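Scroll down for the structure; my scribbles are underneath it.
The values are calculated or read from the model by the stated rules, or taken from the named source; none is laboratory data. Please read these numbers as outputs of a predicted model, since none were measured by experiment. FYI the Cβ positions are ideal-geometry reconstructions off the backbone, even for glycines, and counts take in every protein chain you see.
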Amino acid sequence: MDKNKQQTILPGLYLISTPIGNMQDITFRAINVLKKSDVILCEDTRRSSNLLTYYGVEKKLFPYHKFNEKKISEKIINIIKENKIVSLISDAGTPTISDPGSVLINKCIKEDLNIHPIPGPSAITSAMSVSGFEGKFLFYGFLTKKENELDRILKNISNLDFSIIFFISAQRINYFIKIFKKHFHGREILIAKEITKMHEKFIRGKIDTIKPFSQDIKGELTVILSNKIEKNNFKKIIDESVKIEIKKMLKKYSHKDVVEYIVKKENLTKKLVYDYCLKIKK
């Protein structure tokens, strides 16, 4: 690269994407900005120091994480106002995407300070690119651990006809597989494990038939549920066992909720289930 043609690095805040696994997944521009930075903010100094050492970046790292970002953001703003170059990196991937940074960014916006994205690795786009699902997708991020709130959230987004991407701790994947079966009947699933690393693995299947993991796995998983898969081969009749289930459900739940649940679960037309519910109520 002609050094004379390199982009001028102006004072301000730089959001630098870092490797999500493979250390070689970083741009020349990202390394150049890191080398020119006056301050480099990171989540875990031990983890980020490995990256900087690998690329010969001799800069001091300063912790910036969810527990201290409100406290130190004002100090960082003052540093930027002194015409300094400040870089923010996360442990892996793009800063602020399910990672700290929004507090500092909003302060920069308020103070009219320069903010520059340095694009690069992302578990979201990496997993989506190999999914085979349609290109329109919704990124949700980490799901809540509160069961009632989780049920409400998934019920709301289950009607969206997009692929949906989540970050899920490997320790909780079996729990979420069980929950997804309830809300996303008929969709396909991709579970991406250790993307770009030596033991990279993509587990594919259907929501309704995928089995829980029988052994412990580690790390953070990127999970994609496909867009809705339309089926035209609806069942013509309601099985007797399903009729019994409908009768029991109508004693506890609304007509509408029963219809929606049975239609998804049993691959029946809405009209057929709706008419049967009416018949029972009469």
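So here's what we get for this one:
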quantity: Residues satisfying the stated conditions in the stretch 51-66, i.e. touching a residue at least 24 places away in the same chain (Cβ under 8 Å) and under 26 Å from the mean Cα position of the chain (by Cα); calculated: L51, Y64, H65, K66
quantity: The listed residue being farther than 20 Å from P119 by Cα, of a type outside the set (F, W, Y) and touching a strand residue (DSSP E or B) at 6+ places or on another chain (Cβ under 9 Å), out of K66, K60; calculated: K60
quantity: Counted residues, the stretch 102-114 - those being crowded, with 16+ Cβ neighbours inside 10 Å and in contact with a strand residue (DSSP E or B) (Cβ under 9 Å, 6 or more places away or on another chain); calculated: 4
quantity: All positions within the stretch 220-256 that are touching a strand residue (DSSP E or B) at 6+ places or on another chain (Cβ under 8 Å) and under 27 Å from E134 (Cβ atoms); calculated: E220, L221, T222, V223, I224, L225, S226, N227, I229, F234, K235
quantity: Any hit, the stretch 14-24, residues being surrounded by 15 or more Cβ atoms within 10 Å (Cβ to Cβ) and more than 26 Å from F167 (Cα to Cα); calculated: no
quantity: Options D99, D44: the member that is surrounded by fewer than 16 Cβ atoms within 10 Å (Cβ to Cβ), under 25 Å from the mean Cα position of the chain (by Cα), within 19 Å of G219 (Cα to Cα) and of a type in the set (D, E, K, R); calculated: D44
quantity: I89 of a type outside the set (S, T, Y) and at pLDDT 95 or above; calculated: yes
quantity: Enumeration of residues in the stretch 163-174 that are under 23 Å from D99 (Cβ atoms) and either touching a Leu at 6+ places or on another chain (Cβ under 8 Å) or not basic (K, R) (or both); calculated: S163, I164, I165, F166, F167, I168, S169, A170, Q171, I173
quantity: Residues that are at pLDDT 85 or above, among the hydrophobic types (A, V, I, L, M, F, W, C) and surrounded by 13 or more Cβ atoms within 10 Å (Cβ to Cβ), drawn from the stretch 229-257; calculated: I238, V242, I246, M249, L250
quantity: Test: residue in the stretch 147-159 that is within 14 Å of N227 (Cβ to Cβ) and exposed (fewer than 13 other Cβ atoms within 10 Å of the Cβ); calculated: yes
quantity: Residue in the stretch 220-229 that is under 24 Å from the mean Cα position of the chain (by Cα) and among the hydroxyl-bearing types (S, T, Y) present; calculated: yes
quantity: Scan of the stretch 198-249 for residues that are β-branched (V, I, T) and within 21 Å of Y140 (Cα to Cα), ordered by number; calculated: I203, I207, T222, V223, I224, I229
quantity: Answer residue from the stretch 258-282, given it is outside any helix (DSSP H, G or I) and either touching a Lys or Arg at 6+ places or on another chain (Cβ under 6 Å) or of a type outside the set (S, T, Y) (or both) and is surrounded by the fewest Cβ atoms within 10 Å (Cβ to Cβ) among those; calculated: K282
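Conditions (1) of a type in the set (G, A, S); (2) farther than 22 Å from I195 by Cα, marked per residue:
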site: F142; (1), (2): no, no
site: E147; (1), (2): no, yes
site: R152; (1), (2): no, yes
site: S158; (1), (2): yes, yes
site: S163; (1), (2): yes, no
site: F166; (1), (2): no, no
site: Y175; (1), (2): no, no
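Quick grid of which residues meet (1) surrounded by 12 or more Cβ atoms within 10 Å (Cβ to Cβ); (2) among the acidic types (D, E); (3) closer than 30 Å to L143 by Cβ:
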position: G56; (1), (2), (3): no, no, no
position: F67; (1), (2), (3): no, no, yes
position: I79; (1), (2), (3): yes, no, no
position: V86; (1), (2), (3): yes, no, no
